[in-house]
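Read through the structure below, which is laid out as structure tokens, and then see the notes.
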Amino acid sequence: MGYLARRAFWFGTLEIEHNGQEVLGIRIVQGEAQPDTSVLSRLVFEQMEEYACGKRKDFSFPYVLRGTPFQQKVWNAICAIPYGKTQSYGQIAEKIGSPRAARAVGMAANRNPIMIAVPCHRVIGADGTLVGYGGGLPMKKALLDLESRHSRK
């Protein structure tokens, strides 16, 4: 059984899906907030608020990443990108031992079910441009700008 909760942030309305013990998905949605008073929902939204204010650089709420073995490798490599830093799709491909799979890395990043906590916004084009993001390029830029400001402190 899954539960959904929504909360508005400066970058949009986040919806979390969880099973009561683990987060299954975080995504940007259109629509109103939907309160969920579960302990897990409160924890996720509290950590997201801290992140949005520049007070949190890592997330500690429990989540599960469901995907293919390749997607799992990509998502784990993306999680290793430090706060305030970026890496290209090609660099991620090299990290996971598939140096010619930059496009496949992009596809896996596009299917990331846990946005922000699995920081696909930190993955950029080989030439440094912002490309592809489930929340849209303005949100990707805003998240990178937020991290850049707070990583200098």
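Using modelled backbone amide H atoms (1.01 Å from N, in-plane), which distant-in-sequence or interchain residues come within less than 5 Å of Ile124's amide H?
Gln87, Ser88, Tyr89
Expressed as a whole number of Å, what is the distance separating the alpha-carbon centroids of the range 92-112 and the range 1-66?
The two parts, judged by their Cα centres, are 26 Å apart.
Rounded to the nearest 20 Debye, what is the dipole magnitude of the range 48-142 about its Cα centre when Lys and Arg each give +1 and Asp and Glu each give -1 at the C-beta?
Dipole about the Cα centre, nearest 20: 100 debye.
Return a single number: how many Lys pairs in the chain, at a sequence separation of 8 or more or on separate chains, have alpha-carbon atoms below 18 angstrom apart.
Value for the chain: 11.
Rounded to the nearest 0.05, what FRET efficiency is calculated for Asp145 and Arg66 with R0 set to 25 Å and r the Cβ-Cβ distance?
In this case the efficiency is close to 0.25.
Decide, for the range 67-107, between rounded, prolate and oblate: order the square roots of the alpha carbon gyration tensor eigenvalues as a ≥ b ≥ c, take rounded if a/c falls under 1.5, and otherwise choose prolate if a/b is larger than b/c, else oblate.
Oblate is the answer for the range 67-107, as a/c is 1.5 or above yet b/c matches or exceeds a/b.
Note down the magnitude of the dipole of the range 4-75 about its Cα centre, charges +1 on Lys and Arg C-beta and -1 on Asp and Glu C-beta and zero elsewhere, to the nearest 20 debye.
So the dipole magnitude of the range 4-75 works out to roughly 240 debye.
Considering the zone a paramagnetic label at Cys53 would reach in this model (a point 7 Å from Cα along the Cα-to-Cβ line), which residues of the range 23-45 have amide N under 14 Å from it?
Those under the cut-off are 45.
Taking a ≥ b ≥ c as the square roots of the eigenvalues of the Cα gyration tensor of the range 8-67, is the shape rounded (a/c under 1.5), prolate (a/b larger than b/c) or oblate?
Rounded shape, in that the Cα axes give a/c under 1.5.
Specify the residue with the greatest mean-square fluctuation among Cys120, Cys79, Cys53, computed from a Gaussian network of the chain linking alpha-carbon atoms under 10 Å apart.
Of the options given, Cys53 has the highest mean-square fluctuation.
Residue-wise, which Karplus ³J(HN,Hα) couplings in Hz belong to the range 97-112, taking 6.51 cos²θ - 1.76 cosθ + 1.60, θ = phi - 60°, and x for glycine or proline?
Running phi through 6.51 cos²θ - 1.76 cosθ + 1.60 with θ = phi - 60° gives x, 10, x, 9, 10, 4, 5, 5, 4, x, 5, 5, 4, 5, 9, 4 Hz.
What would the Debye formula give as log10 I(q)/I(0) at q = 0.10 Å⁻¹ for the alpha-carbon point model of the range 1-144, no solvent?
Treating every Cα as an identical point scatterer, log10 I(q)/I(0) equals -0.33.
222 nm [θ] for the chain, helices only, -39500 (n - 2.57) per DSSP H run of 4+, per residue, to 500?
Dividing the helical sum by the residues of the chain leaves -11000 deg cm²/dmol.
Could you please report the charge total around Ala93, scoring K, R as +1 and D, E as -1 over all other residues with beta-carbon less than 12 angstrom from its beta-carbon?
+3
Translational D (Stokes-Einstein, µm²/s) of the range 99-153 at 10 °C and 1.306 mPa s when Rh comes from the Kirkwood sum over C-alpha pairs?
134 µm²/s
Just name one of Trp75, Gln21, Phe9: the one whose Cα is farthest towards the positive end of the charge dipole of the chain (beta-carbon charges, Lys/Arg +1, Asp/Glu -1).
Checking the options against the dipole of the chain, the answer is Trp75.
With a probe of 1.4 Å, find how much accessible area the chain has per residue, and write the answer as a whole number in Å².
Accessible surface, normalised per residue, equals 53 Å².
The values are calculated or read from the model by the stated rules, or taken from the named source; none is laboratory data. As the structure is a computational prediction, the values presented were derived from the model and not from experiment. All Cβ positions, even for glycine, are placed from backbone atoms using ideal geometry, and neighbour counts span all protein chains on display. Heavy atoms of the whole protein, side chains included, go into the accessibility calculation; ligands, DNA and RNA do not. Shrake-Rupley method; radii C 1.70, N 1.55, O 1.52, S 1.80 Å.
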